[in-house]
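Asks: Before I ask anything, let me first share the structure, which is written out below as C-alpha coordinates.
The values are calculated or read from the model by the stated rules, or taken from the named source; none is laboratory data. Just so it is clear, the structure is predicted and the values come from calculations on it, not from any experiment. Here the Cβ is made from the backbone with ideal geometry for all residues, glycine too, and neighbour counts use every protein chain on show.
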Amino acid sequence: MLLTGAAGLLGRWLRPHLIERYGRLRSSDIRDPGPALPGERLSKIDLADGKAVDRLVKGAGRIIHFGGISFETGFKQINASNIIGTYNVFEAARRHGAGPIIYASSNHATGFYTRDERLDGRAGHRPDSLYGVSKAFGESLASFFVDKYDMEIACLRIGTAAPKPKDPRHLSTWQSYPDLLRMIEACFAAKRLGFTVLYGVSANKRRWWSNAHARHVAYMPKDNAEHAAAAMFKRGDRRKADDPVVKFQGGPFVEGYVKRRKKK
Ligand code: 15L
(Lines give C-alpha, C1' and ligand atoms only; values in the text may rest on other atoms or scores of the structure.)
Protein backbone atom coordinates (compact mmCIF):
# COMPACT_ATOMS: atom_id res chain seq x y z
CA MET A 1 0.00 0.00 0.00
CA LEU A 2 1.17 3.49 -0.85
CA LEU A 3 0.10 6.66 0.95
CA THR A 4 0.95 10.15 -0.30
CA GLY A 5 0.64 13.05 2.13
CA ALA A 6 2.26 11.14 5.00
CA ALA A 7 3.17 14.30 6.97
CA GLY A 8 -0.30 15.85 6.79
CA LEU A 9 -2.80 15.71 9.66
CA LEU A 10 -4.77 12.88 8.08
CA GLY A 11 -1.67 11.04 6.89
CA ARG A 12 -0.10 11.10 10.34
CA TRP A 13 -3.25 9.72 11.95
CA LEU A 14 -3.80 7.10 9.25
CA ARG A 15 -0.29 5.62 8.99
CA PRO A 16 -0.22 3.44 12.11
CA HIS A 17 -3.80 2.32 11.46
CA LEU A 18 -3.05 1.42 7.85
CA ILE A 19 0.01 -0.57 8.91
CA GLU A 20 -2.01 -2.39 11.55
CA ARG A 21 -4.82 -3.14 9.09
CA TYR A 22 -2.95 -3.82 5.83
CA GLY A 23 0.67 -4.52 6.76
CA ARG A 24 3.65 -2.85 5.11
CA LEU A 25 3.26 0.75 3.99
CA ARG A 26 5.18 2.90 1.56
CA SER A 27 4.56 6.59 2.19
CA SER A 28 5.73 9.98 1.00
CA ASP A 29 5.46 13.70 1.58
CA ILE A 30 7.09 16.84 0.20
CA ARG A 31 7.85 17.92 3.79
CA ASP A 32 10.17 16.05 6.05
CA PRO A 33 7.80 13.37 7.36
CA GLY A 34 9.95 12.57 10.41
CA PRO A 35 10.91 9.02 11.36
CA ALA A 36 9.34 6.01 9.66
CA LEU A 37 7.11 3.70 11.69
CA PRO A 38 7.94 0.02 12.00
CA GLY A 39 6.79 -1.56 8.73
CA GLU A 40 6.97 1.71 6.82
CA ARG A 41 9.22 2.96 4.00
CA LEU A 42 9.02 6.72 4.03
CA SER A 43 10.33 9.11 1.36
CA LYS A 44 10.48 12.84 0.82
CA ILE A 45 9.12 13.43 -2.66
CA ASP A 46 7.68 16.34 -4.61
CA LEU A 47 4.62 14.99 -6.42
CA ALA A 48 5.28 17.48 -9.22
CA ASP A 49 8.43 15.49 -10.04
CA GLY A 50 7.11 12.85 -12.45
CA LYS A 51 10.25 10.68 -12.35
CA ALA A 52 10.29 10.57 -8.54
CA VAL A 53 6.58 9.69 -8.49
CA ASP A 54 7.18 6.93 -11.02
CA ARG A 55 9.81 5.38 -8.73
CA LEU A 56 7.51 5.77 -5.74
CA VAL A 57 4.55 4.06 -7.41
CA LYS A 58 6.50 1.25 -9.11
CA GLY A 59 5.66 -2.00 -7.32
CA ALA A 60 2.81 -0.51 -5.26
CA GLY A 61 -0.63 -2.10 -4.97
CA ARG A 62 -3.38 -0.07 -3.36
CA ILE A 63 -2.83 3.70 -3.36
CA ILE A 64 -4.19 6.36 -1.02
CA HIS A 65 -3.43 9.67 -2.67
CA PHE A 66 -3.82 12.29 0.06
CA GLY A 67 -0.78 14.39 -0.87
CA GLY A 68 -1.15 17.99 -2.06
CA ILE A 69 -2.15 21.44 -0.87
CA SER A 70 -5.24 21.40 1.34
CA PHE A 71 -6.08 25.10 1.46
CA GLU A 72 -6.64 28.04 -0.85
CA THR A 73 -3.49 29.63 -2.27
CA GLY A 74 -1.99 30.85 -5.55
CA PHE A 75 -2.56 28.93 -8.78
CA LYS A 76 1.15 28.24 -9.31
CA GLN A 77 1.45 26.19 -6.12
CA ILE A 78 -1.94 24.51 -6.58
CA ASN A 79 -1.08 23.63 -10.16
CA ALA A 80 2.25 22.01 -9.22
CA SER A 81 1.00 20.14 -6.21
CA ASN A 82 -2.63 19.22 -6.89
CA ILE A 83 -2.94 19.24 -10.67
CA ILE A 84 0.45 18.06 -11.95
CA GLY A 85 0.98 16.02 -8.77
CA THR A 86 -2.30 14.13 -9.12
CA TYR A 87 -1.69 13.53 -12.82
CA ASN A 88 1.73 12.09 -11.98
CA VAL A 89 0.27 9.70 -9.40
CA PHE A 90 -2.59 8.45 -11.61
CA GLU A 91 -0.37 8.15 -14.68
CA ALA A 92 2.33 6.23 -12.78
CA ALA A 93 -0.38 3.92 -11.40
CA ARG A 94 -1.61 3.30 -14.94
CA ARG A 95 1.90 2.56 -16.19
CA HIS A 96 2.66 0.15 -13.35
CA GLY A 97 -0.78 -1.45 -13.06
CA ALA A 98 -1.17 -0.20 -9.48
CA GLY A 99 -4.47 0.41 -7.70
CA PRO A 100 -7.24 0.66 -6.69
CA ILE A 101 -6.72 4.32 -5.82
CA ILE A 102 -8.44 6.34 -3.14
CA TYR A 103 -8.11 10.01 -3.95
CA ALA A 104 -8.66 12.79 -1.42
CA SER A 105 -10.98 15.12 -3.27
CA SER A 106 -12.81 17.70 -1.18
CA ASN A 107 -16.23 19.14 -0.43
CA HIS A 108 -14.78 22.34 -1.89
CA ALA A 109 -15.26 20.87 -5.37
CA THR A 110 -18.94 21.57 -4.65
CA GLY A 111 -18.63 24.39 -2.11
CA PHE A 112 -20.87 26.85 -3.95
CA TYR A 113 -24.01 24.79 -3.38
CA THR A 114 -26.06 26.37 -0.64
CA ARG A 115 -26.46 24.67 2.71
CA ASP A 116 -30.17 23.95 2.07
CA GLU A 117 -29.23 21.77 -0.93
CA ARG A 118 -28.77 18.02 -0.48
CA LEU A 119 -26.04 16.39 -2.55
CA ASP A 120 -24.56 13.03 -3.35
CA GLY A 121 -21.49 12.06 -5.35
CA ARG A 122 -23.35 12.66 -8.61
CA ALA A 123 -23.61 16.40 -7.93
CA GLY A 124 -21.80 18.46 -10.56
CA HIS A 125 -18.87 20.64 -9.60
CA ARG A 126 -19.36 24.10 -8.14
CA PRO A 127 -15.88 24.79 -6.77
CA ASP A 128 -15.54 27.57 -4.22
CA SER A 129 -11.78 28.21 -4.62
CA LEU A 130 -8.83 27.40 -6.86
CA TYR A 131 -8.20 24.60 -4.39
CA GLY A 132 -11.74 23.32 -5.10
CA VAL A 133 -11.09 23.64 -8.84
CA SER A 134 -7.99 21.45 -8.47
CA LYS A 135 -10.09 18.80 -6.70
CA ALA A 136 -12.72 18.97 -9.46
CA PHE A 137 -9.86 18.44 -11.91
CA GLY A 138 -8.65 15.42 -9.91
CA GLU A 139 -12.13 13.90 -10.07
CA SER A 140 -12.36 14.45 -13.83
CA LEU A 141 -8.90 12.97 -14.25
CA ALA A 142 -10.00 9.95 -12.20
CA SER A 143 -13.11 9.52 -14.37
CA PHE A 144 -10.90 9.65 -17.48
CA PHE A 145 -8.41 7.07 -16.20
CA VAL A 146 -11.25 4.74 -15.17
CA ASP A 147 -13.12 4.98 -18.48
CA LYS A 148 -10.08 4.90 -20.71
CA TYR A 149 -7.75 2.53 -18.86
CA ASP A 150 -10.15 0.47 -16.77
CA MET A 151 -8.62 1.65 -13.50
CA GLU A 152 -10.46 1.78 -10.18
CA ILE A 153 -10.57 5.09 -8.38
CA ALA A 154 -12.71 6.35 -5.50
CA CYS A 155 -12.80 10.11 -5.01
CA LEU A 156 -13.60 11.15 -1.46
CA ARG A 157 -15.11 14.62 -1.22
CA ILE A 158 -13.91 14.90 2.33
CA GLY A 159 -15.82 17.31 4.56
CA THR A 160 -14.05 18.38 7.76
CA ALA A 161 -11.89 15.46 8.83
CA ALA A 162 -10.81 16.44 12.31
CA PRO A 163 -10.60 15.05 15.84
CA LYS A 164 -13.64 17.10 16.93
CA PRO A 165 -16.34 19.30 15.39
CA LYS A 166 -15.32 22.84 16.31
CA ASP A 167 -17.82 25.22 14.70
CA PRO A 168 -21.46 25.11 13.60
CA ARG A 169 -20.58 24.25 10.00
CA HIS A 170 -18.83 21.13 11.24
CA LEU A 171 -22.14 19.83 12.60
CA SER A 172 -22.89 19.14 8.92
CA THR A 173 -19.42 18.55 7.46
CA TRP A 174 -17.48 16.65 10.13
CA GLN A 175 -15.91 13.26 9.47
CA SER A 176 -14.21 11.65 12.45
CA TYR A 177 -10.83 10.04 11.80
CA PRO A 178 -12.20 6.55 12.61
CA ASP A 179 -15.03 7.12 10.09
CA LEU A 180 -12.48 8.23 7.48
CA LEU A 181 -10.62 4.97 8.08
CA ARG A 182 -13.93 3.06 7.80
CA MET A 183 -14.54 4.76 4.47
CA ILE A 184 -11.09 3.79 3.19
CA GLU A 185 -11.61 0.19 4.32
CA ALA A 186 -15.05 0.06 2.68
CA CYS A 187 -13.62 1.35 -0.61
CA PHE A 188 -10.84 -1.23 -0.65
CA ALA A 189 -13.31 -3.98 0.32
CA ALA A 190 -15.69 -3.16 -2.57
CA LYS A 191 -15.84 -5.82 -5.27
CA ARG A 192 -15.44 -3.22 -7.93
CA LEU A 193 -14.93 0.50 -7.44
CA GLY A 194 -14.85 1.72 -11.03
CA PHE A 195 -15.25 5.49 -10.73
CA THR A 196 -16.97 6.28 -7.46
CA VAL A 197 -17.46 9.65 -5.81
CA LEU A 198 -18.33 9.67 -2.12
CA TYR A 199 -18.72 12.40 0.46
CA GLY A 200 -16.37 11.94 3.40
CA VAL A 201 -18.77 12.64 6.23
CA SER A 202 -19.82 11.02 9.51
CA ALA A 203 -23.42 10.11 10.35
CA ASN A 204 -24.11 13.71 11.34
CA LYS A 205 -27.73 14.59 12.06
CA ARG A 206 -27.27 17.85 10.09
CA ARG A 207 -25.29 16.48 7.15
CA TRP A 208 -25.96 17.82 3.65
CA TRP A 209 -24.49 14.83 1.85
CA SER A 210 -25.52 11.26 1.19
CA ASN A 211 -23.65 8.23 -0.11
CA ALA A 212 -26.82 6.23 -0.78
CA HIS A 213 -26.11 6.27 -4.54
CA ALA A 214 -22.95 4.16 -3.97
CA ARG A 215 -24.26 1.05 -2.23
CA HIS A 216 -21.36 -1.00 -3.64
CA VAL A 217 -19.21 0.69 -0.99
CA ALA A 218 -20.44 -0.53 2.40
CA TYR A 219 -19.45 2.56 4.36
CA MET A 220 -21.11 2.60 7.77
CA PRO A 221 -20.13 5.73 9.70
CA LYS A 222 -20.46 5.48 13.46
CA ASP A 223 -19.88 9.03 14.65
CA ASN A 224 -22.21 12.02 14.75
CA ALA A 225 -21.17 15.65 15.29
CA GLU A 226 -24.41 16.45 17.09
CA HIS A 227 -22.87 15.82 20.51
CA ALA A 228 -21.05 19.17 20.05
CA ALA A 229 -24.17 21.20 19.15
CA ALA A 230 -25.40 22.16 22.62
CA ALA A 231 -22.07 23.75 23.59
CA MET A 232 -21.93 25.65 20.27
CA PHE A 233 -25.41 27.11 20.57
CA LYS A 234 -25.49 28.06 24.26
CA ARG A 235 -26.89 31.44 23.25
CA GLY A 236 -28.76 30.16 20.22
CA ASP A 237 -27.66 30.07 16.59
CA ARG A 238 -26.45 33.62 15.99
CA ARG A 239 -25.21 33.08 12.45
CA LYS A 240 -26.57 35.31 9.70
CA ALA A 241 -28.16 33.09 7.04
CA ASP A 242 -27.21 35.48 4.21
CA ASP A 243 -23.52 35.66 5.18
CA PRO A 244 -21.83 33.83 2.26
CA VAL A 245 -19.68 31.87 4.70
CA VAL A 246 -22.90 30.53 6.25
CA LYS A 247 -25.04 30.36 3.11
CA PHE A 248 -22.69 28.24 1.02
CA GLN A 249 -21.52 24.76 1.93
CA GLY A 250 -17.88 25.66 1.41
CA GLY A 251 -17.96 28.01 4.43
CA PRO A 252 -14.74 30.02 4.78
CA PHE A 253 -13.47 28.89 1.37
CA VAL A 254 -16.08 31.03 -0.39
CA GLU A 255 -14.59 34.13 1.24
CA GLY A 256 -14.09 36.82 -1.36
CA TYR A 257 -17.43 35.93 -2.92
CA VAL A 258 -19.03 39.07 -4.33
CA LYS A 259 -22.70 39.20 -5.15
CA ARG A 260 -23.14 41.12 -8.37
CA ARG A 261 -25.61 43.97 -8.31
CA LYS A 262 -28.70 43.23 -10.39
CA LYS A 263 -28.89 45.37 -13.53
CA LYS A 264 -31.63 47.97 -13.23
C1 15L B 1 -10.81 20.82 3.12
O2 15L B 1 -10.80 20.37 1.99
C3 15L B 1 -9.56 21.26 3.79
O4 15L B 1 -8.45 20.52 3.37
C5 15L B 1 -9.66 21.23 5.29
O6 15L B 1 -8.58 21.92 5.84
C7 15L B 1 -10.98 21.82 5.81
O8 15L B 1 -10.98 23.17 5.63
C9 15L B 1 -12.14 21.15 5.12
O10 15L B 1 -12.00 21.08 3.74
C11 15L B 1 -13.49 21.78 5.44
O12 15L B 1 -14.25 22.05 4.51
O13 15L B 1 -13.77 22.00 6.62
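Asks: Output yes when any residue across the stretch 188-203 is closer than 15 Å to residue 229 by Cα, within 13 Å of the ligand (Cβ to nearest atom) and at pLDDT 95 or above, and no when none is.
Replies: To start, the set of residues in the stretch 188-203 that are closer than 15 Å to residue 229 by Cα comprises 202-203.
If we keep only those that are within 13 Å of the ligand (Cβ to nearest atom) too, we end up with 202.
The next check asks that each one be at pLDDT 95 or above; those that pass are 202.
Looking through the stretch 188-203, at least one residue is closer than 15 Å to residue 229 by Cα, within 13 Å of the ligand (Cβ to nearest atom) and at pLDDT 95 or above.
Asks: I need a count of the residues in the stretch 189-210 that are touching an Asp or Glu at 6+ places or on another chain (Cβ under 9 Å), of a type outside the set (Ser, Thr, Tyr) and part of a loop (DSSP other than H, G, I, E, B).
Replies: Narrowing the stretch 189-210 to residues touching an Asp or Glu at 6+ places or on another chain (Cβ under 9 Å): 190, 192-206, 208-210.
After this cut, where a residue has to be of a type outside the set (Ser, Thr, Tyr) as well, the list is 190, 192-195, 197-198, 200-201, 203-206, 208-209.
Right, trim to part of a loop (DSSP other than H, G, I, E, B) and you get 190, 192-194, 201, 203-206, 208.
Here the count works out to 10.
Asks: On to the next question. Starting from residues that are more than 22 Å from residue 116 (Cα to Cα) and under 17 Å from the mean Cα position of the chain (by Cα), keep the ones in the stretch 193-213 and report whichever is surrounded by the most Cβ atoms within 10 Å (Cβ to Cβ).
Replies: Keep residues of the stretch 193-213 that are more than 22 Å from residue 116 (Cα to Cα), which gives 193-196.
So of that shortlist, the ones also under 17 Å from the mean Cα position of the chain (by Cα) come out as 193, 195-196.
On the way: 193: 21, 195: 17, 196: 23.
Filtering first and then ranking leaves 196.
Asks: Any idea how many residues of the stretch 51-82 are within 24 Å of residue 183 (Cβ to Cβ) and of a type in the set (Ser, Thr, Tyr)?
Replies: Residues in the stretch 51-82 being within 24 Å of residue 183 (Cβ to Cβ) and of a type in the set (Ser, Thr, Tyr): 2 in total.
Asks: Look through 227, 213 and report the one residue that is outside any loop (DSSP other than H, G, I, E, B) and modelled with pLDDT of 95 or more. Write out each step before concluding.
Replies: Numbers: 213 fails: outside any loop (DSSP other than H, G, I, E, B).
When all the criteria are applied, what remains is 227.
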